[in-house]
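Since the structure comes first, as structure tokens, the remarks are kept for the end.
The values are calculated or read from the model by the stated rules, or taken from the named source; none is laboratory data. In this text the structure is predicted, and so the values were computed from the model without any measurement. Positions of Cβ are backbone-derived with ideal geometry, glycine not excepted, and every protein chain shown enters the neighbour counts.
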Amino acid sequence: MSKATAKTNAARILDRLKIPYQVLEYEVNPDDLAAESTAAKLGIPPEQVFKTLVARGERQGVCLAVVPGNAQLDLKALASLAGERKVETVPLKDVQPLTGYIRGGVTALGTKKAYPIYGDESMLTFDHIAVSAGKRGLMLWLAPQDYLTATQATLGPLARP
């Protein structure tokens with residue numbers, strides 16, 4: 001894990017909040033943006049690398065779900081946590097216009113608009129987690145509680161194998 005010199009908006013937000021983190025850099029393969037691949041490149045267990053997915057509910061609208069890299073998002077669990085009857089992930093073409101980030105670089109920190117953020121409770125089982133820094137090839141390595149402070153995420157059981 002090497003320290004990258006690039007600063008992303010997500011890293012600037014953590015700096016402003018005085019939250020300690022490390023930037024992890026990895027080689028990007030545009031044909032394989034899976035969180036499991038990122039975890040392997042960084043030498044981190046995939047359940048410790050969290051991916052950010054964009055979803056939309058009928059009542060509240062757009063929200064972000066942060067789940068382990070080796071798991072699927074449980075849409076029913078997200079709907080329940082978000083107070084929705086039903087949520088669906090947004091089409092890939094809508095991700096960048098909604099968040100300002102491209103697939104493989106979506107992070108809950110510094111989106112174009114402030115959306116509700118929901119995280120899988122498993123993140124609290126680790127001393128540190130990796131989340132996207134807002135750019136492909138860069139991850140942020142930080143304490144889960146610091147991530148929750150920065151994102152104001154609500155935790156719940158969102159992941160399924």
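Quick look at the values:
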item: Restricting region 23-53 to residues that are in contact (Cβ under 8 Å) with a residue 60 or more places away in the chain and aliphatic (A, V, I, L, M), the residue that is surrounded by the fewest Cβ atoms within 10 Å (Cβ to Cβ); result: L33
item: Residue pairs meeting the criteria (Cβ under 8 Å; at least 6 apart or on separate chains; first surrounded by 20 or more Cβ atoms within 10 Å (Cβ to Cβ), in region 146-161; second among the acidic types (D, E) and part of a helix (DSSP H, G or I)); result: L158/E121
item: Number of positions in region 73-99 that are surrounded by 15 or more Cβ atoms within 10 Å (Cβ to Cβ) and among the acidic types (D, E); result: 2
item: Only listed residue being of a type in the set (F, W, Y) and more than 11 Å from the chain's Cα centre (by Cα), chosen from Y115, Y147; result: Y115
item: Residue within region 130-150 that is more than 20 Å from L42 (Cβ to Cβ), modelled with pLDDT of 95 or more and of a type in the set (V, I, T) present; result: yes
item: Evaluation of I102 against (1) closer than 19 Å to D15 by Cβ; (2) β-branched (V, I, T); (3) surrounded by fewer than 19 Cβ atoms within 10 Å (Cβ to Cβ) (one fails), failing number; result: (1)
item: From V87, V49, V67, residue being among the hydrophobic types (A, V, I, L, M, F, W, C) and more than 14 Å from the chain's Cα centre (by Cα); result: V87
item: G57 being on the phi > 0 side of the Ramachandran plot, among the small types (G, A, S) and surrounded by fewer than 23 Cβ atoms within 10 Å (Cβ to Cβ); result: no
item: Odd one out for P20 among (1) buried (at least 18 other Cβ atoms within 10 Å of the Cβ); (2) at pLDDT 95 or above; (3) not in a strand (DSSP E or B); (4) not basic (K, R); result: (1)
